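Notes for the one structure printed next.
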Amino acid sequence: MKIAMIGTGYVGLVSGVCFAEFGFQVTCVDKNPAIIERLQAGEVTIFEPGLDELLVRNARDGRLVFTTDLATTVSEADVIFIAVGTPSRRGDGEADLQYIHAAADEIAAAMKPDAVVVIKSTVVVGTNADVRERIARARPGVPFSMVSNPEFLREGSAVEDFMRPDRVVVGVHDERGTAAMKRVYRPLYLRETPMIVTTLENAEIIKYAANAFLAMKVTFINEVADLCEKVGGNVQDVARAIGMDNRIGSKFLHAGPGFGGSCFPKDTRAYAATGRKMNAPQTLIEQVVTVNELRKRSMAERVIEAAQKTGAKSVAVLGIAFKPNTDDIRESPALDIIPALQKAGLAVRAHDPEARSVAEPVLPGVIWCKSAYEATDGAGIAVLLTEWNAYRALDLKRVASLMSGNILFDLRNVYSAQDLEGTGLDYRSVGRPLVGKGD
Ligand code: NAD
Ligand code: UGA
C-alpha cells in the first residue's frame with residue numbers, strides 16, 4: 001500500500017515517518033522546498049524526541065521519501081493523508097480552511113480511481129463532507145473514498161503518542177474507507193488500540209471536543225490556583241486530591257501561565273465560533289478563551305508590579321517554547337509576556353534549549369543567552385516560563401548570587417519550598433504559598 005502525506009509539519013512529518021516505520025511505502029509532500037531539501041538530506045526540520053532516528057532509518061531503507069511533487073505522488077498513492085495547517089482566521093477566530101481546500105483541489109486533479117482521501121488536519125464539522133463534494137465536482141465519475149482521521153498526538157511526545165495512542169478515531173463514508181483505515185492502522189490494532197469507526201461529522205466533533213475539554217480542564221485548575229493564592233491554599237495538593245477521583249482524572253491539572261501552543265488556542269476559538277455559527281453556543285469554551293487570554297496578561301502584570309516595587313530593570317525569562325521538548329512557539333505565553341515586559345521598560349534576557357532560532361525573529365530587543373545562568377546574570381527578576389528539564393535542577397544559590405535582585409517567579413511550580421531553603425530567593429509560584437518573601 002502506498003501512502004501520500006500532504007504537509008510535513010508537526011503532524012504530517014511524525015505521521016509519515018511512523019507509517020513508514022509500520023512498513024508502508026510513504027511519500028511526504030510539502031510545498032515548501034526548503035523543508036523538503038532538508039528532509040531529503042536526512043535533517044529533521046522540527047525538534048521532536050525520537051523522530052530523527054526513525055526518519056533516517058526509514059529513509060535509508062527506502063520506505064520514506066520526500067518531495068515537492070504533489071501530482072506525481074498523489075497519482076501513485078492508494079491512501080492520501082492531508083496534514084496541512086488549519087490556523088485561526090484573523091478577526092473571527094474561525095478555522096482558516098484555505099490550505100485544506102488548496103490541497104484538496106490539487107489531490108482531485110491528480111488522484112487515481114478508488115483512492116482514499118483522509119483529512120488528518122483538525123477541521124470544523126462539515127469540512128469532510130464539503131471536501132468530498134469539492135473533489136467529486138472536480139473529478140465527476142471517478143470513485144474515491146473520504147475519511148476523517150483526526151490526530152491526537154502531543155508535541156514533545158509525538159512519536160510515542162502516534163505509536164501508542166489511547167484510541168484511533170476514523171470517520172467514514174463508505175466501507176472502502178473503513179477497510180483502508182483498518183489496514184493502515186493494523187500494527188496498532190494488533191496492540192489492541194481501540195478504533196472508533198464513526199461518521200465524518202462525529203470524528204470532526206470528537207477532535208474539537210477533546211481539545212476543548214482539555215483546555216477547559218487546564219483553565220479550571222488555573223482559576224483554582226488564583227483562589228488558593230488568595231486564601232493561602234496549595235493548588236498542587238488540591239489537584240492531587242481531586243485528580244484521584246477517577247471521574248476527574250489526574251492529568252491536565254497543572255496550574256501555569258495559561259495554555260499556549262499551535263492547537264488549544266486556535267481550536268478553542270474555532271470550536272466557539274462553530275457553536276455561534278450553528279446557534280449552539282459553547283459558552284464554557286467562550287469563557288475558556290477569554291480567561292486564558294486574561295491569564296497570560298495577568299502573568300506579565302505580576303512581574304511588572306514586582307519590578308516596580310523593587311526597582312528591577314531587567315528580567316530573565318527561562319523558556320520560550322509553549323511546552324518542553326518542542327521548538328514550537330506558536331501562541332506561547334512567552335509571546336504575550338515578553339513584549340508586555342518590554343513595553344513596561346524592562347530589559348529581557350532569555351534562554352530556551354531549542355526555540356531560540358524560531359523565537360529570535362519574532363521577539364525583537366531580547367538579549368539571548370546560552371544558559372539559564374547566563375540569563376539570570378545581573379537580572380533583577382527571574383521567570384521560569386517553560387518546565388524544560390534543564391531548569392528543573394538549577395543551582396538556586398548560584399542563581400541568587402548571579403542576580404542583581406532576588407525574585408524568582410516559577411510559573412510552572414517546578415520547585416518546592418524545600419528547594420528554596422537557604423537560597424535567599426523571594427519565590428513566587430502559581431497557586432502556592434510564597435516562600436522567603438523579605439529574605
Ligand atoms: P504545520 O504548520 O507545522 O505544518 C503544515 C505543513 O503543511 C507546512 O509545512 C506547509 O508548508 C504544508 N502545506 C500547506 N499546504 C500544502 C499543500 N497544498 N501541499 C503541500 N504542503 C502543504 O502544521 P501542524 O502543526 O503539523 O498541524 C497540521 C494540522 O494538524 C492542523 O490542523 C493542526 O490543528 C492538526 N494537529 C496538530 C497537532 C500538533 O501537535 N501540532 C496535533 C494534532 C493535530
Ligand atoms: C494538545 C493535545 O494534548 C493533543 O492531544 C492534541 O493532539 C494537540 O493539542 C493538537 O490538537 O494539536 P499540545 O498542544 O502538543 O497537544 O500540548 P499539551 O501537552 O496538550 O499542552 C497544551 C498547553 O497546555 C501547553 O501550553 C501546556 O503548558 C498547557 N498545560 C497542559 C498546562 O498548563 N497544564 C496542564 O496540566 C497541561
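The values are calculated or read from the model by the stated rules, or taken from the named source; none is laboratory data. Bear in mind that the values here come from a model prediction, so they are computed numbers and not experimental data. All Cβ positions, even for glycine, are placed from backbone atoms using ideal geometry, and neighbour counts span all protein chains on display. For the accessible areas, the whole protein counts, side chains as well, though only heavy atoms, and no ligand, DNA or RNA atoms are used. Shrake-Rupley method; radii C 1.70, N 1.55, O 1.52, S 1.80 Å.
Odds and ends about this structure:
- For the peptides 212-218, 192-198, the ranking by packing is 212-218, 192-198, with the highest mean count of neighbouring Cβ atoms within 10 Å listed first.
- Calculated Rg and Dmax of segment 1-66 using C-alpha coordinates, Å: 10.2, 29
- Convex hull volume per residue, computed on the Cα atoms of segment 200-439, equals 137 Å³.
- Cα-only Debye scattering, segment 316-362: base-10 log of I(q)/I(0) at q = 0.15, 0.21, 0.22 Å⁻¹: -0.33, -0.64, -0.70
- Where the chain is the region considered: accessible area per residue in Å², 1.4 Å probe: 44 Å²
- Shown are Arg240, Arg90, whose ranking by accessible area with a 1.4 Å probe and every protein chain present, most to least, is Arg90, Arg240.
- Beta bridges by DSSP in the chain, antiparallel share as percent, to the nearest 5: 10 percent
- Ranked by how many other beta carbons lie within 10 Å on average, peptides 377-384, 5-12 from highest: 5-12, 377-384
- Distance from the Cα centroid of segment 137-193 to that of segment 269-287 is 27 Å (rounded to whole angstrom).
- Overall Cα dimensions of segment 231-305 - principal axes, largest extent first, Å: 42, 40, 25
- Gly424 long-range amide H proximity, modeled H, under 5 Å: none
- Dimensions of segment 184-226 from C-alpha coordinates, computed as largest minus smallest value along each principal axis and given longest first, are 46, 25, 12 Å.
- log10 of Debye I(q)/I(0), alpha-carbon scatterers only, for segment 51-126 at 0.15, 0.21, 0.23, 0.27 Å⁻¹: -0.66, -1.00, -1.07, -1.20
- Sorted peptide list for 98-104, 317-323, criterion being average Cβ within 10 angstrom, highest first: 317-323, 98-104
- Note on segment 301-431: along the principal axes its Cα atoms extend 38, 30, 28 Å, ordered by decreasing extent.
- Rounded to the nearest 500, the 222 nm mean residue ellipticity of the chain from helices alone is -13500 deg cm²/dmol, with -39,500 (n - 2.57) taken per DSSP H run of at least 4 residues.
- Across segment 35-167 the C-alpha pair distances fall into 5 Å bins from zero in the proportions 2, 9, 16, 18, 20, 17, 12, 5, 1, 0 percent.
- For the chain, alpha-carbon Rg over 2.2 N^0.38 Å: 1.06
- Computed over the Cα atoms of segment 94-206, pair by distinct pair, the Kirkwood hydrodynamic radius stands at 14.7 angstrom.
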